[in-house]
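Asker: Sharing a structure with you now.
Rule-based calculations on the coordinates, nothing more; no lab input. Quick caveat: nothing in here was measured; it's all calculated off a predicted structure. We place every Cβ from the backbone using ideal geometry, glycine too, and count neighbours over all the protein chains shown.
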């Protein structure tokens, strides 16, 4: 049996050119860039709650970092550093090696140095803290939306939740669709380029990553901005053709785990946002608008302008 | 049942005067001080591995943050910010409230703002990432010891491990001693003032916090500094009078969980270090020296200069 230190050395220590001092000391030492604010976030993934214990370890490694990088993306920050803490039921080296390759694949894709960590025995639990940088005062916060702003969302929200329903056996998707939905669930691509472009070009006034569910996350922006929001069903991305339409809609509105960005933007930015979508090869959907001062209510509006019941609002670990 | 968001709001959101933006957004926003490096560390505490599941929640809250603050202390850094991620089997509010009071008591004592976090359902697991600041180039690293440096350790290493043995029923300590040992185990006081003084007054050349066990942690300094070390039994802090002498010695050398600082210092600093001990009302023990170039071996030297077998070297989650 390898020791904790040997395992860490072998699988989790790689060069950290962005750090003054990387893994192996009591702390990592990092040199923040002058004039920048530090964006800091932490997310814990628990076996049985956030993922199946038999999830492919490469993809799990990728996702463990990706969900944190997604929070940096939602602030318009540039990802720079991460720390990993993990509790593992057994030190199976093949599993650890694949997990390590997954997390470093994600780190390489998004320019992150893994600068420190901790490892212990226990029920499978993975916790990453990610640090990024954003010019002082320019971060995309949740509280910046204004009445009249458009509501936008990137990509194909809801497909990850369809993939989960498929894995749970609640639905049976056709093979092609199942592969793409499960792929998005297990290996999400945080929208770092989008978040940075929205911030650099001053296109968005607020942003959030869609992790709890589209309506719930738009509600978080609305609440923090003291507004209400209206989402128009007719403007939502079309559901996949070969999945149950009702379930696909529910997944889209309340599914979570998408790691797309939802954001608010002034109406005069529509043209620039369409151009950005083309530039990034990433669909951007204008799905609604923020309405005059409110308390964070999100109203779903039907094809004929009628109010619809929104149903499940999103994911909450301790709610009903 | 309260929701995840309500629980977080009620128990984990307090003013964060040191942050640009505290909890409630995708990321916290922090403004690093000019000219400072950021020290970053993460530690995960797992029920059944690091603590008993029925540990008093106030003390557990304190310790969850304290073990991270101790890593900052070992670098000579000033603690500033922390993020908390937790997985809880059930959202018992009395437990959460007491845990919260414990972590904020520690945060207040050491000047830390809790700026963000994450909470989920699952087996009890607590993960803190702590961030501190240290003037660029001045951190106390493990690789700075030089041949001829004295080896020092603060406080009373080994008492926490005695407390653990008592709680496990392996020994029965007298009531007074049990109370103080269990207290040190469950509510350690990280040596922030000591670490900062060692760094500011240029008294130490390297430091580490004693979490794996005294010999193991001195070995970490020795290995990183490419030296060996000699520890003189006669110079170790005297064991408590009313505990088994052999067990007390084993706990002292290999116990871990002490969160004292071990450090190296040039011989000419002995006088200043004695003065510092008096100033901080904290014993500092000069217990050995670092010896010419080596590979991190730590030799235990008996009362008559004879080599002793060191026994268990410390705690390793995956080793034998």
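Asker: Just need the relative contact order of region A:4-135 here, percent rounded to a whole number, with Cα pairs under 8 Å and 6+ apart.
Answerer: On the way: 252 pairs, mean separation 52.5, N = 132.
That works out to 40 percent.
Asker: Right, next: Using alpha-carbon positions, what is the distance between the centroids of region B:104-138 and region A:209-249, in Å?
Answerer: 33
Asker: Of all the Cα-Cα pairs you can form in region A:62-102, what percent are over 17 Å apart? Spell out each step's value before the answer.
Answerer: Details: 334 of 820 pairs.
Beyond 17 Å sits 41 percent of the P(r) for region A:62-102.
Asker: To the nearest 0.05, what FRET efficiency results for residue B:200 and residue A:53 with a Förster distance of 51 Å applied to their C-beta separation?
Answerer: 0.60
Asker: Shortest first, in nm, what separates the label point of residue B:176 from those of the same position in the other copies (7 Å along Cα→Cβ)?
Answerer: Nearest to farthest, the other copies are at 8.1 nm.
Asker: Same structure, new question: In degrees, nearest 10, range 0 to 90: what is the angle between the Cα axis of helix B:57-74 and the longest Cα principal axis of chain B?
Answerer: 50
Asker: From other protein chains only, count the Cβ atoms within 10 Å of every residue's Cβ in B:107-119, then give the mean.
Answerer: Across the residues of B:107-119, the mean count of other-chain Cβ atoms within 10 Å is 2.
Asker: Another one. For a footprinting-style exposure proxy, rank B:55, A:64 by other Cβ within 10 Å, fewest first.
Answerer: Numbers: B:55 19, A:64 24.
Sorted ascending by nearby Cβ count, the order is B:55, A:64.
Asker: A further question on this structure: Identify the residues of region B:98-142 with backbone N under 14 Å of a label point that sits 7 angstrom from the Cα of residue B:280 along the Cα-to-Cβ direction, or state none.
Answerer: Flagged as within label range: B:140.
Asker: Output the Cα-based Rg and Dmax of region A:4-135 in Å, rounding Rg to one decimal and Dmax to a whole number.
Answerer: In order Rg, Dmax, the Cα atoms of region A:4-135 give 14.2, 44 Å.
Asker: For the protein assembly as shown, what proportion of DSSP beta bridges, expressed in % and rounded to the nearest 5, is antiparallel? Working shown, then result.
Answerer: Working: 88 of 114 bridges.
Just about 75 percent of them are antiparallel.
Asker: Ok, one more. Any chance you could give the angle, 0 to 90 degrees and rounded to 10, that helix A:214-224 forms with the longest Cα principal axis of chain A?
Answerer: Its long axis makes an angle of about 90 degrees.
Asker: How crowded by other chains is B:82-90, given as the mean number of beta carbons from other chains within 10 Å of each beta carbon?
Answerer: Details: counts 3, 8, 2, 12, 2, 11, 3, 0, 1.
That average works out to 5.
Asker: Which order, highest average first, do B:39-45, B:155-161 follow once you tally other Cβ atoms within 10 Å for each residue and take the mean per peptide?
Answerer: Numbers: B:39-45: 27.9, B:155-161: 26.0.
Highest-to-lowest ranking by the protection proxy: B:39-45, B:155-161.
Asker: Okay, moving on. State the Kirkwood hydrodynamic radius of the protein assembly as shown in Å, one decimal place, computed from all pairs of distinct Cα atoms. Can you show the working numbers first?
Answerer: Working: mean 1/r = 0.0389 Å⁻¹.
Computed over the protein assembly as shown, the radius equals 25.7 Å.
Asker: Right, another one. Taking each label point as 7 Å beyond Cα in the direction of the beta carbon, state the distances from residue A:278 to the same residue in the other copies, shortest first, in nm.
Answerer: 7.9
Asker: If neighbour count is taken as other Cβ atoms inside 10 Å, put B:119, B:75 in order from fewest to most.
Answerer: Values: B:119 20, B:75 30.
Going from sparsest to densest Cβ surroundings: B:119, B:75.
Asker: Another question about this same structure. Under 1.5 on a/c is rounded, so check that first for chain A, then, if it is not, pick prolate when a/b is larger than b/c and oblate when it is not; a ≥ b ≥ c are the square roots of the alpha carbon gyration tensor eigenvalues. List each step's numbers first, then the result.
Answerer: Numbers: a/c = 2.16, a/b = 1.38, b/c = 1.56.
It comes out oblate by the Cα gyration axes.
Asker: Sort region A:185-249 into rounded, prolate or oblate with this rule: let a ≥ b ≥ c be the square roots of the eigenvalues of the Cα gyration tensor; rounded if a/c is under 1.5, and if a/c is not under 1.5, prolate when a/b is larger than b/c, oblate otherwise. Write out the running numbers ahead of the final one.
Answerer: Working: a/c = 1.99, a/b = 1.33, b/c = 1.49.
Oblate.
Asker: If I fit a long axis through the Cα atoms of helix A:175-186 and take the longest principal axis of the Cα atoms of chain A, what angle between them do I get, 0 to 90°, rounded to 10?
Answerer: So the helix axis and the longest Cα principal axis differ by about 70 degrees.
Asker: Report the Cα centroid-to-centroid distance between region A:155-203 and region B:1-53 in angstrom, as an integer.
Answerer: Taking the Cα centre of each part, region A:155-203 and region B:1-53 sit 28 Å apart.
Asker: Per residue of A:127-133, how many C-beta atoms from partner chains lie within 10 Å of its own C-beta, taken as a mean?
Answerer: Numbers: counts 12, 5, 13, 2, 7, 1, 1.
Rounded to a whole number, the mean comes out at 6.
Asker: Let me ask something else about it. Just check region A:167-320 against the gyration tensor rule for me: Cα atoms, a ≥ b ≥ c as the square roots of the eigenvalues, rounded for a/c under 1.5, and otherwise prolate or oblate depending on whether a/b exceeds b/c. Before the final figure, lay out each step's value.
Answerer: Values: a/c = 1.58, a/b = 1.19, b/c = 1.32.
Oblate shape, in that a/c is at least 1.5 and b/c is the bigger or equal ratio.
Asker: Here's a follow-up. If the label for residue B:297 sits 7 angstrom from Cα along the Cα-to-Cβ line, what are its distances to the same label in every other copy, in nm to one decimal, shortest first?
Answerer: Output for residue B:297: 7.7 nm, nearest copy listed first.
Asker: Further, regarding this structure: Report, in deg cm²/dmol and to the nearest 500, the calculated mean residue ellipticity at 222 nm for chain A, where each DSSP H run with n ≥ 4 adds -39500 (n - 2.57) and the sum is divided by the residue count.
Answerer: -10500 deg cm²/dmol
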